[in-house]
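Beneath this line is the structure, given in structure tokens, with notes to follow.
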Amino acid sequence: MCVMIARSQLNWSPLSRWIRNVLFRQRVFFSLISFCLFLPSLLPSAEETIPQKYGGQLVISTVSDPKTFNDIMAKETSSTIVTSHIFDGLTTTNAFTTKVEPHLAKSWQVSSDGLVWTFFLREGVRWNDGAPFSADDVVFTFNDLIYNPRIPSSAKDVFTIDGQPFKVEKVDDLTVRFTLPVKFAPFLRGMGQAILPKHKLKKAVEDEAFNFTWGIDTDPQEIVGTGPYKLVRYDPGQRLIFERNPYYWKLSPEGEQLPYLGRVVYLIVPSADVQLLKFLEGTIDIYNVRGSDFPYLKPLEKERNFTVYDLGPDMGSQFIFFNQNNGAHPETGKAYLPAHKLAWFTDLNFRRAVAHAIDRKKIIEIVNNGLGYPQYSSIGPGAGFFHTEEVVQYDFDLKTAKKILADAGYQDRNQDGILEDQEGHRLEFNLYTNAGNTERLDIAAIIRQDLENLGMKINFQSLEFNTLVSKLTSTFEWDAVVLGLTGGIEPHFGQNVWHSSGGLHMWHPNQETPATDWEKRIDELFSLGVQELSEDKRKVFYDEFQMIVSQKLPLIYTVLSAQMTAVRNKFVNLKPTNYGGVLHNLEEIYMKKEAR
Amino acid sequence: MSADKKHLSEFQIALRNFKKNRLACLGVVILGLLYVAVIFAEFLSPYSYKNENRNYSYCPPTVIQFFDENRLVWPYVYGRQLEFNAYHGRIYTIDKTQKYPLRFFAPGDTYQWLGFLPGRRHLIGVSEPGRFYLLGADSRGRDVFSRLLYGGRISLSIGLIGVCISFTIGLIVGGVAGYYGGRVDDILMRICEMFMMVPGFYLLLALRSAVPDNFNSVQVYFAIVVILSFIGWAGLARIIRGMCLSLREREYVLAARTFGLSDRKIITGHILPHTVSYSIFAVMLSIPGYILGESALSLIGLGIQDPFASWGNMLSDAMSIVRIKFAPWILLPGFFIFVTVICFNVIGDALRDCLDPLLKSEVKG
């Protein structure tokens, strides 16, 4: 499984269309939860005639520049939000039901053993330069790009099972056959993988120049996809402009050619506060509302003519975790972590005490103005089906926490107000988080105080984001960190976090064999889960996994913020959902006549 | 010729000129008050910098009540209760049934004054569970007034310590380069230029990233002081060097040399003292740079870390317009930085006017 890293959160796999939606959501501003109440009032009225739907523009904002327009090479959310408009996959995830639906493939068949999948492609699909789309493009994307040993794509890890790739063959111009080495439950969701044009990229691959193709200095005309929009202009540090793809294949239920909106503009702004100002002055149409913004924005709804949608709990997660890496630096032989600290952090009692010491209610009150949810399960409520509440929930209870510590031998032996372990080492350690994310800084500061109340001595540091990530993924010299991850519907896509060999198994990454029995069991559960095609049977495995995580606390979860999005009342056909956010049906959204 | 025409020393003349500048005198008074206040921060503040009460997030400043049923009574404050309104905004309702009289020399958080003198009396306070927020509370219900005093201790001292270090380096390097001249001068001045070449703030960030992450707060504080003075010395060294170049040609230096004084004694005893009038106002004018440097680092989260207060990291709380709208008092650290910087600049200007020999002759002329 591959990892994608964004400044606000670490991400699970970037692979599918599905994941791109997740990234998109967290980076820009919209998110998830179940059906919205506002829906009926926003549906188009009958008297509107066809030509009036077309044209107009939607202005969004993002806080950082894309690094590439090459979807295979893209590793950051700032790049994938751009490519998600340009490219399509064979399948997509329905934002209402979260089920996998046909997209570039109109249907598929699967053999009885679940290993051979035949996809029938949609007829008449064209790339945005007019060239026809065919099975050759699908085969090219997999065989020449993803499985190309000279291209370091993150998708390769996802579509390789036990070191074996899928066999991808063209049957005829509109039929592709995938042969899997073993059963792979998230296969259909994974087929949201963006398909790239063979006619544009073949030469680059032959010249071995693909890794540098479609960088940010490329002429936008060259970037060809099947998605609803095409890039027409990119001014670094200022804006990205998309125009509607006139060849887009999708029709509305009334048979009209989509998309409706003529242009989609991304303004690149330095921070969330600038986004808020620009939203209030009317420059941008959509703003991702933080809990602390809500009391300011909500009363302005009528006067400023926008609507704040509450989409329910965030799909991501925020947590504190401790370094349990017993390894040593391969060259110097110096242990990543002093032995006494390793002993505390691998002590379950220590982590249980911490879990009891976190005042989640006050975090929600102070940081989110009450607009948040405590989190205990490793698969958040946003994931829907696979989420379970049947986990150990740790109430805020300093007495219990102190008792757990005292019973485990952590006592204040020299009466200096700070606990010592049985060998007399003071419980003093460093707590890091990344600078720049004000909500997370507040959460970390509150947790720091909670732990000091337990009698620990914490040196709190906010580090520059890349410094922190390199500590977690390469130098391994850290004690405790407060961080966030994005989540999604498919639990297997969290494998790089949960499998003991995972690179984002942050408390003890890249293990050759599982260090503990429970990590071994989680590895087993993930293997079982990925090979089981029945959703109900899979849920049993992932429920057990969530229970183990809540018992063993490798990550101690804190709170989920409510995902809220403010949208100017200029658009029709908005159908915000928990999973898809506000823009999941961007191609169907059109502007009100009077707003143009 | 009367008694008031008696001979005045240079210092007395300077002092007399300085006193004529009303604005500068006001600056001295304000700065004096600030320094006294932060030195006695533990005693003057009602709470410790890390005393938090999460039920009073962004609690507005407490109104001190003097009247009870139209009768003048001992000042007291009402208890307050946090509620969220329909828009999830914070509303503090006054609970008139709870009254907490102000207490002088009230017992409260224990402290060690300046690190050694233990105590628990605070100039003013109310008894628990009442809370007394003279200038409002921050996100976790910590008293902004108390934190301003503790934070001022860092912000105000960082300038003084930093300036001491950088001026020591600057004077030595400038003096040596100017006195010896030639190759020594060339080498030292090129080193200076290397420091001046890099834009200050980037050098600051680069040096900050070289500081180990596992430093505790005291170590971080000193690291920041050292970093700031490391950036500040080069400009001074160049000017001192220029002054020394001309001073070393003076007759008294020649005299000292013929008497066989060592170079070290000539530099420290005969040359550098003549740069003092310049140094004094240069010191004054460069202190704001240190205060702003620390604030900038802390503002972006790389300086003094929570729970310790500095004006810069308190101000980082105010980087959101929504917070400023609902809790404008979190901007106060910015006001204090502003006042302090202005004071140092005004005093520095006044000192230059009354110490600079050229200007002085014009005034007399």
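The values are calculated or read from the model by the stated rules, or taken from the named source; none is laboratory data. Owing to the predicted nature of the structure, the values given are computational and were not obtained by experimental measurement. Cβ atoms come from the backbone with ideal geometry, glycine included; neighbour counts cover every protein chain shown.
Scanning the range A:463-481 for residues that are modelled with pLDDT of 85 or more and either in a loop (DSSP other than H, G, I, E, B) or within 11 Å of chain B (Cβ to nearest Cβ) (or both) yields A:Leu468, A:Lys471, A:Thr475, A:Phe476, A:Glu477, A:Trp478, A:Asp479. Screening A:Gly529, A:Gly484 for residues that are part of a strand (DSSP E or B) and either surrounded by 23 or more Cβ atoms within 10 Å (Cβ to Cβ) or away from chain B (no Cβ under 14 Å) (or both) leaves exactly one candidate, A:Gly484. The set of residues in the range A:411-437 that are outside any loop (DSSP other than H, G, I, E, B), within 14 Å of chain B (Cβ to nearest Cβ) and free of Cβ contacts under 8 Å to residues at least 40 places away in the same chain comprises A:Arg426, A:Glu428. If you go through the range B:94-106 one residue at a time, do you hit one that is within 14 Å of chain A (Cβ to nearest Cβ) and either acidic (Asp, Glu) or surrounded by fewer than 11 Cβ atoms within 10 Å (Cβ to Cβ) (or both)? Within the range B:94-106, not a single residue is within 14 Å of chain A (Cβ to nearest Cβ) and either acidic (Asp, Glu) or surrounded by fewer than 11 Cβ atoms within 10 Å (Cβ to Cβ) (or both).
Let's see how each residue does on (1) crowded, with 19+ Cβ neighbours inside 10 Å; (2) in contact with a Leu (Cβ under 9 Å, 6 or more places away or on another chain); (3) not aromatic (Phe, Trp, Tyr):
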| site | (1), (2), (3) |
| --- | --- |
| A:Phe386 | yes, no, no |
| A:Tyr394 | yes, yes, no |
| A:Leu398 | no, yes, yes |
| A:Ile404 | yes, no, yes |
| A:Asn434 | yes, yes, yes |
| A:Thr438 | yes, no, yes |
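Can you tell me how many residues within the range B:247-306 are within 14 Å of another protein chain (Cβ to nearest Cβ), part of a helix (DSSP H, G or I) and among the hydrophobic types (A, V, I, L, M, F, W, C)? So the answer is 3. Counting only residues that are part of a loop (DSSP other than H, G, I, E, B) and away from every other protein chain (no Cβ under 12 Å), the range B:310-333 holds 1 of them. Take A:Ile358 and decide whether it is assigned by TED's automatic domain parsing to the domain that holds A:Leu553, buried (at least 23 other Cβ atoms within 10 Å of the Cβ) and either more than 18 Å from A:Leu451 (Cα to Cα) or not charged (D, E, K, R) (or both). Judged against the criteria, A:Ile358 is a match. For the range A:269-288, the set of residues classified as surrounded by fewer than 21 Cβ atoms within 10 Å (Cβ to Cβ) and either outside any helix (DSSP H, G or I) or among the acidic types (Asp, Glu) (or both) consists of A:Pro270, A:Ser271, A:Asp273, A:Glu281, A:Gly282, A:Thr283, listed by residue number.
The number of residues in the range A:291-307 that are more than 8 Å from chain B (Cβ to nearest Cβ) and closer than 27 Å to A:Ile363 by Cα comes to 4.
Here's the yes/no breakdown for (1) within 23 Å of the chain's Cα centre (by Cα); (2) modelled with pLDDT of 90 or more; (3) part of a loop (DSSP other than H, G, I, E, B); (4) surrounded by fewer than 17 Cβ atoms within 10 Å (Cβ to Cβ):
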site	(1), (2), (3), (4)
B:Glu128	no, no, yes, yes
B:Gly141	no, yes, yes, no
B:Leu156	yes, yes, no, no
B:Gly170	yes, yes, no, no
B:Val173	no, yes, no, no
B:Ala177	no, yes, no, no
B:Asp186	no, yes, no, yes
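Against the condition in a helix (DSSP H, G or I), farther than 30 Å from B:Ile91 by Cα and either of a type in the set (D, E, K, R) or away from every other protein chain (no Cβ under 14 Å) (or both), how does B:Phe344 come out, does it pass? When the stated conditions are applied, B:Phe344 passes them. Taking the criterion of being touching a Phe, Trp or Tyr at 6+ places or on another chain (Cβ under 7 Å), within 24 Å of B:Asn55 (Cβ to Cβ), within 13 Å of chain B (Cβ to nearest Cβ) and not small (Gly, Ala, Ser), the residues of the range A:329-371 that qualify are A:Ile358, A:Asp359, A:Arg360, A:Lys361, A:Asn369, A:Leu371. Residues in the range A:551-596 that are of a type in the set (S, T, N, Q) and over 24 Å from A:Leu441 (Cα atoms): A:Gln551, A:Asn569, A:Asn573, A:Thr577, A:Asn578, A:Asn585. What do you reckon, is A:Val265 within 14 Å of chain B (Cβ to nearest Cβ) and β-branched (Val, Ile, Thr)? Judged against the criteria, A:Val265 is not a match.
Assess whether A:Ala209 counts as being of a type in the set (A, V, I, L, M, F, W, C), in contact with a Phe, Trp or Tyr (Cβ under 6 Å, 6 or more places away or on another chain) and not assigned by TED's automatic domain parsing to the domain that holds A:Ser534.
No; evaluated as a whole, the condition is false for this residue.
With the structure loaded, tell me whether B:Ile337 is modelled with pLDDT of 90 or more and either part of a loop (DSSP other than H, G, I, E, B) or within 14 Å of chain A (Cβ to nearest Cβ) (or both) or whether it fails that test. Answer is no for this residue. What is the residue count in the range B:212-221 for residues that are aliphatic (A, V, I, L, M) and more than 10 Å from every other protein chain (Cβ to nearest Cβ)? So the count comes out to 1. Only one entry of B:Phe104, B:Phe132, B:Phe145 meets the criterion of being among the hydrophobic types (A, V, I, L, M, F, W, C) and assigned to a loop (DSSP other than H, G, I, E, B), and that entry is B:Phe132.
Of all residues in the range B:82-93 being surrounded by 12 or more Cβ atoms within 10 Å (Cβ to Cβ) and assigned to a loop (DSSP other than H, G, I, E, B), which is nearest to the chain's Cα centre (by Cα)? Looking at residues that are surrounded by 12 or more Cβ atoms within 10 Å (Cβ to Cβ) and assigned to a loop (DSSP other than H, G, I, E, B), I get B:Gly89.
The sole residue among B:Ile231, B:Ile240, B:Ile224 that is buried (at least 16 other Cβ atoms within 10 Å of the Cβ), within 14 Å of another protein chain (Cβ to nearest Cβ), of a type in the set (A, V, I, L, M, F, W, C) and in contact (Cβ under 8 Å) with a residue 40 or more places away in the chain is B:Ile224.
Among the residues of the range A:372-410, none is identified as within 14 Å of another protein chain (Cβ to nearest Cβ), touching a Ser or Thr at 6+ places or on another chain (Cβ under 7 Å) and in a loop (DSSP other than H, G, I, E, B). The set of residues in the range A:122-148 that are under 24 Å from A:Tyr229 (Cβ atoms) and touching a helix residue (DSSP H, G or I) at 6+ places or on another chain (Cβ under 6 Å) comprises A:Ala131, A:Asp136, A:Asp137, A:Phe140, A:Ile146. Do we have any residue at all in the range A:237-255 that's hydroxyl-bearing (Ser, Thr, Tyr) and not in a loop (DSSP other than H, G, I, E, B)? The answer is no, given that none of the residues of the range A:237-255 is hydroxyl-bearing (Ser, Thr, Tyr) and not in a loop (DSSP other than H, G, I, E, B). Among the candidates A:Ala105, A:Ala6, A:Ala46, A:Ala74, the residue that is modelled with pLDDT of 90 or more and either not charged (D, E, K, R) or not assigned by TED's automatic domain parsing to the domain that holds A:Tyr229 (or both) is uniquely A:Ala105.
Within the range A:151-206, how many residues are in a loop (DSSP other than H, G, I, E, B) and of a type in the set (Lys, Arg)? First the steps, then the outcome.
Taking the range A:151-206 and keeping what is in a loop (DSSP other than H, G, I, E, B), we get A:151-154, A:159, A:162-163, A:166, A:173-174, A:180-186, A:191-197.
Filter once more, keeping what is of a type in the set (Lys, Arg): A:183.
Count: 1.
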